[in-house]
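To start, the structure itself, in structure tokens.
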Amino acid sequence: MKNLPILAIAALLAGCGGQASQQNQKAEQQIPFAPVTGGTVYVTAQGTDLRLTPNGELTFTAFDQPMEAQPFVFVDPNVTFQTMTGIGGAITDAAAETFAKMSPETQQELLTAYYDPEKGIGYNMARTTIASSDFGSDTYSYIQEGDTTLSTFSLAHDEMYRLPLLREVVKCSGDSMLVIATPWSPPAWMKSNNNMLRGGTLLDPYKQVWANHFVKFIEAYEAAGIPIWAISSQNETMAVQTWESCVYTAQEERDFIRDYLGPTLEKSPYKDVKLLAWDHNRDLIFQRAATIMADPEAAKYVWGFAFHWYEPWTGGDMQFNNLRMVKEAFPDKQLLFTEGCVEKFDLKRIDDWTLGERYGYSMLNDFNCGTVAWTDWNILLDEQGGPNHVGNYCFAPVHFNTQTGELIYTNSYYYIGHFSKFIQRGAKRIGVSSSRYALQATGFLNPDGTIVLMMLNRSDDQIDFKLGIQEKAADMVSLPHSIMTVVLK
């Protein structure tokens, strides 16, 4: 096993529990909090053994006005923003196929590491696919060709690997798991290119059949023990991929939601299932949202807009302002990050520190722009970054080496954990500001009254700063290339 100092192996293998008590709390309009007297600091830092490690206690003393020359992070829990829904990762066919190759003890270790709030990092959300995606060994659909009545619908393929893993995840999370389901492509015969791969569009004669298919999937998954919390109309609606894909312009997605998917869901027993639009990158999210929201009949069905991070990545701005524009323009709609991973897997890069830093940078800024939920892509992949039936191998927070039986925890796992372990469902994001760009910060007021803060340093420099709250301050140190979580008390 590699890089797992925060979790004792005996504790991991003992199983997971307690998630329900942490995550099933309801958000209140006003969450009470006590005067802050101290806090515990958890750190992950490059060049050290610190991996989500408790690393000291804070003492606050009276403090008046910070000076410009002094780096300062200011916290005001009286200023609140969005209410958080959850954090998690995707249960794909690839993850499930890899999971099936592990010993029962290693399987339990992974489940505990992800889903136990005390011994692991407390995931409480999951995303899964409606039929196949690139991350799996094959391409498949649930119905036979030409079946417009859906009478041949079968989950036999999912029952081999994916559903057994999902059931374990739901069990391990104390039934607090929220599951988002997304299609990569309709069956080939419903599409303009007669192929589940390489784009194409949904043909007009099959739009109602495809809408019915969503309801059939939700019904079948619920019967299989996996209730669906939300669906999105299509994964990556503007991408023509070598793998499963289907293209909708903004107008086409608007019309499909307005005329088919929205009304069909509304008339079904599953009208409370949330409907998400877009499910693609930040770059065009405002145009997509504005087009759909301009039509009240389409807008009324949409609960929120999902997004990914695959726009050009330079290490600088990741077009977060587009998220802020959507939230400001349409405050009653929610923002959800539903997919991200580092592409082009190379085992030699497994310890590359930029893997985790990309997660920390994205999560912190997505939350600061109004995002209420964040789901990573595959929770688990093998030592090649797959399986993937078109060779699109990628990184995951945890890899399983099928040759050695070793679980490898990348630094991404710990960066995600700095958020998922401490932010409870129903938490309110609070006012947090930093006087230095190199030290980015966010914070949350949990339903139980605890205040948790995250501070990210992607620079080569140590930053000595003061943390201020309620006219008190504590001295803190941010190590180079590190992330900290502070739990105030």
For the stretch 317-329, indicate whether the set of residues that are outside any helix (DSSP H, G or I), of a type outside the set (Val, Ile, Thr), at pLDDT 95 or above and in the same structural domain as PRO397 (by TED's automatic domain parsing) is non-empty. no
Going through (1) outside any loop (DSSP other than H, G, I, E, B); (2) free of Cβ contacts under 8 Å to residues at least 60 places away in the same chain; (3) surrounded by 19 or more Cβ atoms within 10 Å (Cβ to Cβ) one by one, ALA306 fails only at (2)
Within the stretch 37-59, the count of residues that are over 26 Å from the mean Cα position of the chain (by Cα), assigned to a loop (DSSP other than H, G, I, E, B) and either within 14 Å of VAL486 (Cβ to Cβ) or modelled with pLDDT under 95 (or both) comes to 1
Those residues that are touching a Leu at 6+ places or on another chain (Cβ under 9 Å) and surrounded by 17 or more Cβ atoms within 10 Å (Cβ to Cβ), I need them from the stretch 253-273; list them, please. PHE256, ILE257, LEU261, GLY262, LEU265, VAL273
Would a scan of the stretch 155-172 turn up a residue that is more than 30 Å from ARG425 (Cβ to Cβ), out of contact with any helix residue (DSSP H, G or I) (no Cβ under 9 Å at 6 or more places or on another chain) and surrounded by fewer than 16 Cβ atoms within 10 Å (Cβ to Cβ)? yes
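For LEU336, state whether it is under 26 Å from HIS399 (Cα atoms) and part of a strand (DSSP E or B).
So LEU336 fits the description; yes.
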Scan the stretch 253-271 residue by residue and report those that are of a type in the set (Asp, Glu) and either more than 16 Å from GLY304 (Cβ to Cβ) or part of a loop (DSSP other than H, G, I, E, B) (or both). ASP255, ASP259, GLU266
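When the residues of the stretch 337-363 are filtered to those that are of a type in the set (Val, Ile, Thr) and closer than 18 Å to GLU383 by Cα, which remaining residue is surrounded by the most Cβ atoms within 10 Å (Cβ to Cβ)?
Out of the qualifying residues, it is VAL342.
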Show the residue pairs meeting these rules: Cβ distance below 8 Å; 6+ apart or different chains; first residue within the stretch 223-241 and closer than 16 Å to LYS171 by Cα; second residue of a type in the set (Gly, Ala, Ser) and outside any loop (DSSP other than H, G, I, E, B). ILE228/ALA181
Quick one: which of ALA94, ALA34 is assigned to a loop (DSSP other than H, G, I, E, B), small (Gly, Ala, Ser), farther than 18 Å from PHE419 by Cβ and touching a residue at least 12 places away in the same chain (Cβ under 8 Å)? ALA34
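The values are calculated or read from the model by the stated rules, or taken from the named source; none is laboratory data. What you see is a predicted model; the values in this text were computed from it and never measured. Virtual Cβ from ideal backbone geometry, glycine too; neighbours counted across all protein chains shown.
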